[in-house]
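One structure is given here, and the rest of the page talks about it.
What follows is calculated from the coordinates using simple rules that are stated; it is not laboratory data. Because the structure is a prediction, the values reported are computed rather than measured. Note that we place each Cβ from the backbone using ideal geometry, even for glycine, and neighbour counts take in every protein chain shown.
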Amino acid sequence: MNLRSLIVLLCLSNVTFVQAETTEPLSVKEKQSLPASQVSPSNNLPEDFTHRLKEAESGDIDAILDIGLVYMDGTDYLPADSQQAAIWFKKAAKLGNTDGDYYLGLLAQNQEKYAEAARWYRKGAEKGDAYCQYDLGFLYERGYGVKQDYQQAKAWYSEAAEQGQAYGQFALGMFYHDGLGGDVDYQKAREWYEESAQQGVASAVNNLAVLYENGEGVEKDEERAINLYRQAANMGSATAQTNMGDFYYEGHRLIEKNHYQAIYWYKRAALQGNADAQFAMGRGYESGDGIGKDLPSAFDWYQQGAENGSVAAAMKVAEFYEQGLGGVTADHGKAIEWYMSMADDDIPEAQVKLAEWYLEGQLPKVDSQKIVSWLLASEQNNIQSKNQLALFYLTGTGVQQNVQKARELLQQSAFKDISEAQNNLAVMYARGLGGEKNIFRAMRWFERAAQSGNAVAIKNLQLLQENKEAKASMLKYSDNVQLIMNKR
């Protein structure tokens, strides 16, 4: 059975310092192309194609598959025709050939008919086709066309891996690495990554590097990890290239910071469609680090990264529209659209931004209860969400006013050095809202907020220092809270 190449899918995430590769669906088996020949004057098709077609019509299984592939991909002399391709692949499948099952699954998958793809892959997988087993595992892993089931995914990846299928070996290693479909087992993860790496899978080399970088199942060895990252990067792994870019961008005890080298690696990954690398290219053009400062180019890269799933890039696109940067016309409406899209996808940073704008009166058409629901969902894992939620409780916006809850949330935010929270908590201490009145603690929190440059806190601190008996009503909340309070 001929090897199939890997289709590169694009990932959604912020740039992280060390990234592990994930599984991808497999593409068409690498078949030898039909040889070039003279065009037949009778039907305007190459003579070798017409000859191969006759062989297919006579029942030659390899010829049947070749004709199906020509129709599937199209050529200079014949446009792609998925219906004709399916006819030929079904002929192969009917003859018991698992390649036919695979290609029928692939045709369906390319059309996002995942349930149909799963049916064809299953037919081939149950006959022992390692590639069908891998792709069926992938569908179970992602929940495409079947109910997501990590145990089923792991079982099919294992079937493929045991047959020596390189990407099945990589996928099984990843499942042991992450504990999907069972317990974490770094030793088995390493073993399967090594098997896959020996067959030239760059993703497996990258993930081996992650194990050595973190000391997972092996003795921690940063030098070996970096060598493996570099090896995987040179093999073409966009994730490894991004990792190398991160090492050079941030600097490491074994790698001197070098923004020019960082850009070299980021660009290689970005041109392959890696969203995190595209964000990094935008960052480079925005700051000028390692490349000339060029805001329009920064915006272009941010857009590409956003379209491919980078939250950090999407936040930058919204920011460019908000502020009118890089030749982009300032467009508050478009900025809101970007933030709303991310907020609906449960991105806390976007939810916090919209919450700020709502309190400032810049989102009149958005339901305050919707914003509160966002903040409630994310406040456990995001301190800025916690801070914004406190302001909604404090002002009774979109939720019943609860000053005790507001003070509790502000305390948590204040201890995380959110200067706005420190100022607002100080005002509550000074006024005795949501708990005891304590001018001493109010002074301490005003001081901490002022040290961070919070202008409102600086004024409040000056007022108290001049007159500790000053009326607490003279002390000001942050501007967005004060705006709401003044309307009442």
Between segment 360-437 and segment 201-252, the alpha-carbon center distance in angstrom: 42
Packing-based order for 434-446, 267-279, using average beta carbon neighbours within 10 Å, highest first: 267-279, 434-446
Cα extents of the chain along the three principal axes, largest first (Å): 101, 52, 46
Cα long-axis angle, helix 150-162 against the chain (0 to 90 degrees, to the nearest 10): 40
Euclidean distance between Cα centres, segment 139-188 to segment 304-331, Å: 36
Cross-link reach list, aspartates and glutamates versus Lys416, counting only Cα pairs under 14 Å and skipping chain neighbours closer than eight places: Glu379, Glu408
Cα-based helix-to-principal-axis angle, 98-110 vs the chain, degrees rounded to 10: 40
Amide hydrogen neighbours beyond the local backbone of His252, cut-off 5 Å, H modeled: Lys257
Pairs beyond 31 Å (Cα-Cα), from Lys94/Lys154; Lys257/Lys353; Lys293/Lys370; Lys147/Lys405; Lys91/Lys113; Lys370/Lys459: Lys257/Lys353; Lys293/Lys370; Lys147/Lys405; Lys370/Lys459
Which of Phe415, Phe138 has the fewest Cβ neighbours within 10 Å, and the rest in rising order: Phe415, Phe138
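Quick one: order Asp99, Asp417 by neighbouring beta-carbon count within 10 Å, fewest to most.
Asp417, Asp99
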Angle in degrees between helix 222-234 and the longest Cα principal axis of the chain, rounded to the nearest 10: 50
Packing rank of 105-111, 382-388, where each peptide gets the mean count of other beta carbons within 10 Å, highest leading: 382-388, 105-111
Fraction in percent of alpha-carbon pairs per bin - 10 Å, segment 378-486: 17, 52, 28, 3, 0
Listed peptides 176-184, 353-361, 81-89 by packing density, highest first (mean Cβ within 10 Å): 353-361, 81-89, 176-184
